[in-house]
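Structure first, then comments.
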Amino acid sequence: MPRARLGIAAASVLLLSLGASGCSVVNDLTGPEPVAASSAVPSATPTPYDSQFTRDGTFQSHIRIDGMDFVYTLYPTKSTPRTNEWYPRGNKFFSFTFQAYDLNRKLRDRFATKRKVYLEHIAVTSKTITTGGGRTQHPYRLDAVAKDITFDPEPVTTRYGMIITSPKGAFELRNQRIRATSLDTRGLDLMFTAVVWVQDAPGSAHFSRREIKQTVPIAIFESKKRTSVASIPVDAN
């Protein structure tokens, strides 16, 4: 299959190292940060690159492996909330969370009855989609130990990493900057990889390693203008 190019719908794909995926609605997400999605303005014209994030002002995926639901959620911050005004020039800002749910238990069951999941490492790479076969760029990159960068200053940790099992733990990273790209950019993909350790059974001392992968397409609209950044401190979100 040829590489992604303008005019080819790049529907969001769930890239799983292990297991299968599923989709549902889970409202018990984390974090007190106000979601800026309410400020997103749907485009009056088709987006140049098929993107749930751009269209809805948020992105959420549910990746189900061995009875666990791994949830990625992304949304624009208050700095650049209008996803239909994300242009090649200028910085764009987003936040994201990552959390796990034990599907073998109900949400309100005692936490002690749920399998624990620990996030060890989080990595994100990126690539642009350009018109006319332009040079691929990489405007965002992340490669870090999760507990060292999560928004919570005191995450619950073990030798496996930080806990992300709902409702006791979640990984959250705010105000991530996507750098400017060439004017022929019409979209970009963010590729997430989370290294997690999943408890084999509630109370078990044995954990299994998994890599949870997700690609998130984002549309970039043609313009020579710079993406407008709100006149608020970036860390105010």
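Read the figures in this text as sums done on the coordinates, not as results from a lab. Given the structure is predicted, the values throughout are model-derived calculations rather than measurements. Because the Cβ atoms are built from the backbone with ideal geometry, glycine has one as well, and the counts that use them run over all protein chains shown.
Overview of values
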| quantity | calculated |
| --- | --- |
| 5 angstrom amide H check on THR181, placed H, neighbours 5+ away | ARG89, GLY90 |
| The range 37-225: projected area of the alpha-carbon convex hull, averaged over directions, in nm² | 11.4 nm² |
| Peptides ranked, highest mean first, by Cβ atoms within 10 Å: ranges 177-186, 88-97 | 88-97, 177-186 |
| Straight-distance crosslink candidates among lysines, where the alpha carbon sits under 27 Å from LYS116 and sequence neighbours closer than 8 are dropped | LYS106, LYS147, LYS168, LYS213 |
| Extended-chain gain in nm, criterion 0.36 nm per residue less alpha-carbon gap, ARG110 and ILE149 | 11.2 nm |
| Residues whose placed amide H lies under 5 Å from that of LEU103, excluding near-sequence neighbours | MET68, ASP69 |
| Inter-part distance where the range 97-160 and the range 74-88 are each reduced to a Cα centre, Å | 21 Å |
